[in-house]
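The values are calculated or read from the model by the stated rules, or taken from the named source; none is laboratory data. Just so we're clear, the structure is a prediction, and the values are computed from it rather than from any experiment. Here the Cβ positions follow ideal geometry from the backbone for every residue, glycine too, while neighbour counts run over all protein chains shown.
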């Protein structure tokens, strides 16, 4: 069989070449940034990357990375948050110390008033009146100070809660595709690793990788806004079909992945067919609101018992996808479907390429 280039490998080669030509340092954060820009998974990132011009300084790249790939700049975020937390805690400790001094003074005043009131024999009315007045004023001051302390505690708690939310958002951003809201490739890899926690007994599941055929041409015809809306609709279909029990993600461009936690080939076939049906009936043209009809999308399928590790699992599925595209597209291929030996292909359904 003729070898088919892996689209991801082609992009990787283009990224390495582009970085060399533009004089961009080969840092991991730079590589992922350029990869995402060339893959086209986030049109806003693509536009901002092009806007940097021919000479892209490291500071400009890092500014872009902080916006779109914050997980590479966690040190800066943690450093800033650490400084804010230290400042808030320092202010809080200072507030508590002031409160301690104020309570000591108030206790001293209560003790003095108690001595006057509890004095045996005749009590000097003037001294008693002064003690009561002083105690009243001090009590009012304490009530006001207590309110200030409560407000300060509430404010500082809210500030710390905001910092916690910011940290949580930054953590979540690592695993979410910014355009569609689906899980990202990183989340997919994390879920994939769990399948092989015990290499001798991997979790039984099927991997599906789907790619919209000739997506670059289609997105160019649609325009950036319509292409983004189109991808979001496809993502909703993938998410709805996967449901709560399975896992769906977007890799980049028009490439999507699913982990279906079943080893039943018929069930995986049914789910992929359901995706194809829903794409045909629910994805609509942004201009007239009508269904786009048959959306040409190729799929590759592999099962976890066919692969000894996560790398081969993904690689075999990519090969099945490549076979689908080599067969003309809009096709589903199962890797080693006949005997689970990774060398045969079975195209269980081949539809003619439909148009929009």
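The requirement of being part of a loop (DSSP other than H, G, I, E, B) and loosely packed, with under 15 Cβ neighbours inside 10 Å is fulfilled somewhere in the stretch 177-195, by at least one residue.
The residue that is modelled with the lowest pLDDT, counting only those in the stretch 250-291 that are within 29 Å of the chain's Cα centre (by Cα) and assigned to a loop (DSSP other than H, G, I, E, B), is 286.
All of 203, 234 fail the test of being modelled with pLDDT of 90 or more, crowded, with 22+ Cβ neighbours inside 10 Å, touching a helix residue (DSSP H, G or I) at 6+ places or on another chain (Cβ under 7 Å) and over 18 Å from residue 318 (Cα atoms), apart from 234.
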